[in-house]
Amino acid sequence: MYQARDIRAKVPAASRQRILDQGREVLGVEAQALTLQRDALDEDFARAVELILATQGRVVVSGMGKSGHIARKMAATFASTGTPAIFVHPGEAAHGDLGMLLAGDLLVVLSNSGATPELGPIMTYARDLGCPIVAISAQRHSPMARLASAAIILPKVRETCPVNISPTTSTTLMLALGDALAVATMSMRGITRAELERLHPGGHIGLRLLPINDIMHVGDRLPLVVATTPMREVLLIMTEKSLGIAGVLDGDGRLVGTVTDGDLRRNIDRLLNSVAGDVMTRHPKTVPDGTYAEDAKAILAANKITALFVMDHDRPDTPIGLIHIHDFNRIGMN
């Protein structure tokens, strides 16, 4: 079996410190650049968002090289936050893919220099179609910025590459600007959490936005007793359901308390001579049905408890389900 070699012992402590210093320096420089970018935002940023909001078609994002990688991510972020968007490679556009840009679309182009030749054909085509252009560049007087309806200018910063060549700081700024444009647009559109849920059905985000109703225990799986149930029976029900809790109902089926493993320990001396109403904790934490999984999990963590009863939305005193901390692990939401 292959075993990875442990090379740490071969790296002198002084070199290790140098590595950490270098990493921290890069992050520090880029953090400072982001602050400069934040402070430099002007009317062109607001104009760009207004143009996106007014677009009847899609946002088409294009860039070359490292800017192209950022453009791909930017298009994906727009699409995932409620703004239809695609990435078009400028080189491919000049060889037949210009047809992916349609009248009614908006073009966003990324280039640090503002003079990337591969972007020329797609910008010319956009202009001929009457598509607005948003440019992101470090050069305010570049050909790209001059053609744009809105030009967002990057601050004058040095790349963190030791020889100031490889795109690092500039692409970090472009990435952050893409997020800023997408989120500002999303906010102005009033995109709701329910709409985001439809856009993110899979992966970790999909799990976080999953309604608690989809994973809660219901029906015969619910450990429910009434206040007069002898604790002997309560213990049997809690053992059978294996959820570490029992809900205590009144005569009308309303939840009036819970018996948990902690309650059992606190009342161990009188358990066998008690009923559920003697041992239960009143006013337990609950959540309404329809609560998102991430919110329910946060409530469990904040209150240091392991289970929550889920209440009927129309009858908030009536339990219809139960969620246990282990249920999140079961669906891969750790």
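The values are calculated or read from the model by the stated rules, or taken from the named source; none is laboratory data. Here the structure is a predicted model, which means the values were calculated and not measured. All Cβ positions, even for glycine, are placed from backbone atoms using ideal geometry, and neighbour counts span all protein chains on display.
Checking each residue in segment 222-236 for being over 13 Å from Met280 (Cα atoms), buried (at least 18 other Cβ atoms within 10 Å of the Cβ) and among the hydrophobic types (A, V, I, L, M, F, W, C) picks out only Leu222.
Being among the β-branched types (Val, Ile, Thr), touching a residue at least 40 places away in the same chain (Cβ under 8 Å) and either in a helix (DSSP H, G or I) or crowded, with 20+ Cβ neighbours inside 10 Å (or both) is the requirement here; does Val310 meet it? The answer is yes for Val310. Number of residues in segment 213-261 that are of a type in the set (A, V, I, L, M), touching a Ser or Thr at 6+ places or on another chain (Cβ under 7 Å) and free of Cβ contacts under 8 Å to residues at least 60 places away in the same chain: the value is 3.
Among residues that are among the charged types (D, E, K, R), touching a strand residue (DSSP E or B) at 6+ places or on another chain (Cβ under 8 Å) and assigned to a helix (DSSP H, G or I), Asp269 is not included.
Given Asp220, Asp263, Asp314, which one is at pLDDT below 90 and over 30 Å from Ser80 (Cβ atoms)? The match here is Asp314. In the set (1) touching a residue at least 40 places away in the same chain (Cβ under 8 Å); (2) surrounded by fewer than 16 Cβ atoms within 10 Å (Cβ to Cβ); (3) part of a helix (DSSP H, G or I), the condition left unmet by Asp128 is number (1). Of note, Ala138 does not satisfy the criterion of being farther than 29 Å from Leu27 by Cα and surrounded by fewer than 22 Cβ atoms within 10 Å (Cβ to Cβ).
Answer with yes or no whether Leu102 is assigned by TED's automatic domain parsing to the domain that holds Lys156, more than 25 Å from the chain's Cα centre (by Cα), modelled with pLDDT of 95 or more and of a type in the set (A, V, I, L, M).
No, not satisfied.
With respect to (1) among the basic types (Lys, Arg); (2) more than 22 Å from Met311 (Cβ to Cβ); (3) surrounded by 14 or more Cβ atoms within 10 Å (Cβ to Cβ), the lone exception for Arg265 is condition (3). Taking the stated definitions as given, is Thr160 surrounded by 17 or more Cβ atoms within 10 Å (Cβ to Cβ) and either of a type in the set (A, V, I, L, M, F, W, C) or not in a helix (DSSP H, G or I) (or both)? Yes. If the condition is being assigned to a helix (DSSP H, G or I), more than 17 Å from Pro84 (Cβ to Cβ) and modelled with pLDDT under 90, then segment 171-209 contributes Arg193, Ala194, Glu197, Gly203, His204, Ile205, Gly206, Leu207, Arg208. Applying the condition of being part of a helix (DSSP H, G or I) and charged (D, E, K, R) to segment 279-301 and asking which residue is farthest from Arg254 (Cα to Cα) yields Glu294.
Going by the structure shown, is Arg270 of a type outside the set (A, V, I, L, M), more than 34 Å from the chain's Cα centre (by Cα) and farther than 25 Å from Pro211 by Cα?
yes
Residues that are touching a strand residue (DSSP E or B) at 6+ places or on another chain (Cβ under 9 Å) and loosely packed, with under 14 Cβ neighbours inside 10 Å were ranked within segment 251-261; the one that is nearest to Arg330 (Cα to Cα) is Asp261. When segment 107-122 is filtered for residues that are of a type in the set (A, V, I, L, M, F, W, C), closer than 28 Å to Asn164 by Cα and touching a strand residue (DSSP E or B) at 6+ places or on another chain (Cβ under 8 Å), the ones remaining, listed by number, are Val108, Val109, Leu110, Leu119. Against the condition free of Cβ contacts under 8 Å to residues at least 40 places away in the same chain and either outside the structural domain of Val61 (by TED's automatic domain parsing) or not charged (D, E, K, R) (or both), how does Leu147 come out, does it pass? Criteria met by Leu147.
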